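To keep things clear, I will list the structure first and then write my remarks on it.
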Amino acid sequence: RRRLLAPLRQARSGPPFDPADRPMGTIFVGGTGRSGTTITSGLLGRHPDWKRLHTEVKFISNHGGLADLVEGRTTFRRFERRIMKRWWSRGERKGLKLILSRRDIEDALVQLQAGLRTDRARAAATFAHRLLDPLAEQERASGWIEMTPNAALTARTLLRMFPDMKLLHLVRDGRDVACSVLKMSWGPNEPHAALDWWARRLEQGFAACEGLPADRVMVMHLEDLVIRDRERTYDAMLAFLEMPDQPEMRQFFDTRMPADAMHSGRWRKDIPTDMQAAFDAHYWELVDRITARGFPYRGEPREAAASA
């Protein structure tokens, strides 16, 4: 059936798509998960020149996606099955069905399969641009923003695919991340296991981004943006992204991202009192391990933590 349909699909897919024909900017927002990626991408998406994708597309950075395809960790057939089934429909309000048509994906898959024979990274980038650039064009934007926590884990491959990309790597206090993860169906359901999950993901993200050009990857602590140094961090983020400030962004930042809305220090409410000392000690052990590896994580000063 595939052999019979291939000529028809190739004919209707039109001439090969080259991202150079439609140069769209790409911004990725990643982190450990529960680290502020959603709210930060929402902030960036208020810029009129950028289209924020309102559902995680999954097919770029997630397991079995384009990054794995480029690196040879999955096959084209497995990728095809995932995008047409698993990532197509992920519930009523999620999935590629909200932003793409099956026919567009099928046509793009034809060119992806052909392109993989010559240049895997270029073929993968072409596939993403072919599907996502039109969404930005519809809103007269010059690029798109894709928020997937796994973007930090696949930073090196993303840079191979999108040499001009920008990656914002979000980092958040591990105790607050752990407490947020405890409420998720997909994460650990025990506080210490959640801390270990956070540390492992954070280290993997730092390792993936290590040594990449400073004009392509920026590590940003959520606490800096929302609480500690709002204006300076906000300006530094915009400068890195080469994104001039806009009234829509400023209003979102002031009204939707005030310091008290971040629930910083939520772990002191969520973790039972008799568990807090051991939980906090475990966290600082992990911080010592992370910083000993030279990774740029900054927790709150221990003096402040001890006096809280």
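The values are calculated or read from the model by the stated rules, or taken from the named source; none is laboratory data. All values reported here derive from a predicted model rather than from experimental measurement. Counting neighbours? That spans all protein chains shown, and the Cβs are built from the backbone with ideal geometry, glycine included. Accessible surface is based on the protein model in full, side chains and every heavy atom, while ligands, DNA and RNA are left aside. Shrake-Rupley method; radii C 1.70, N 1.55, O 1.52, S 1.80 Å.
Can you find a residue in region 292-300 that is open to solvent by 60 Å² or more (accessible area, probe 1.4 Å), hydrophobic (A, V, I, L, M, F, W, C) and in contact (Cβ under 8 Å) with a residue 12 or more places away in the chain? No, region 292-300 has no match at all. Contact map, region 204-225: residues that are of a type in the set (D, E, K, R) paired with residues that are open to solvent by less than 40 Å² (accessible area, probe 1.4 Å) and assigned to a helix (DSSP H, G or I), Cβ distance under 7 Å, separation 6+ or inter-chain. Pairs shown: R216/L159; D224/T233.
Is it the case that L286 is under 25 Å from the mean Cα position of the chain (by Cα), open to solvent by less than 60 Å² (accessible area, probe 1.4 Å) and more than 30 Å from D164 (Cα to Cα)? Here the answer is yes, as L286 does meet what is asked. Checking each residue in region 207-231 for being assigned to a helix (DSSP H, G or I), under 16 Å from the mean Cα position of the chain (by Cα) and closer than 14 Å to G299 by Cβ picks out only L222. Could you look through region 10-52, keep only residues that are modelled with pLDDT of 95 or more and among the aliphatic types (A, V, I, L, M), and pick out the one that is surrounded by the most Cβ atoms within 10 Å (Cβ to Cβ)? Filtering region 10-52 for residues that are modelled with pLDDT of 95 or more and among the aliphatic types (A, V, I, L, M), the one surrounded by the most Cβ atoms within 10 Å (Cβ to Cβ) comes out as V29. Scanning region 239-267 for residues that are buried (at least 17 other Cβ atoms within 10 Å of the Cβ) and at pLDDT 95 or above yields a count of 8.
When H192 is tested against the conditions (1) in a helix (DSSP H, G or I); (2) under 10 Å from F28 (Cβ atoms), the lone failure is (2). In region 241-279, the qualifying residues are those that are part of a loop (DSSP other than H, G, I, E, B) and charged (D, E, K, R), and the one that is nearest to L195 (Cα to Cα) is R266.
Counting only residues that are charged (D, E, K, R) and open to solvent by 50 Å² or more (accessible area, probe 1.4 Å), which one in region 61-81 is farthest from the chain's Cα centre (by Cα)? Per the stated criteria, the residue is R77.
Among residues of region 120-146 that are more than 16 Å from T157 (Cβ to Cβ), those with a beta-carbon under 7 Å from a residue that is among the β-branched types (V, I, T) at least six positions away or on a different chain give the pairs L131/I105; L135/I99; G143/T26; G143/I27; W144/T26; I145/I27; I145/V29. Where helices (runs of 4 or more DSSP H) sit wholly within region 82-184, those with at least 2 residues that are open to solvent by 20 Å² or more (accessible area, probe 1.4 Å) and more than 24 Å from T37 (Cβ to Cβ) occupy 102-115, 120-138.
Within region 238-266, no residue that is free of Cβ contacts under 8 Å to residues at least 12 places away in the same chain and on the phi > 0 side of the Ramachandran plot sits with its Cβ atom under 7 Å from a residue that is outside any helix (DSSP H, G or I) and open to solvent by 50 Å² or more (accessible area, probe 1.4 Å) at 6+ positions apart or across chains.
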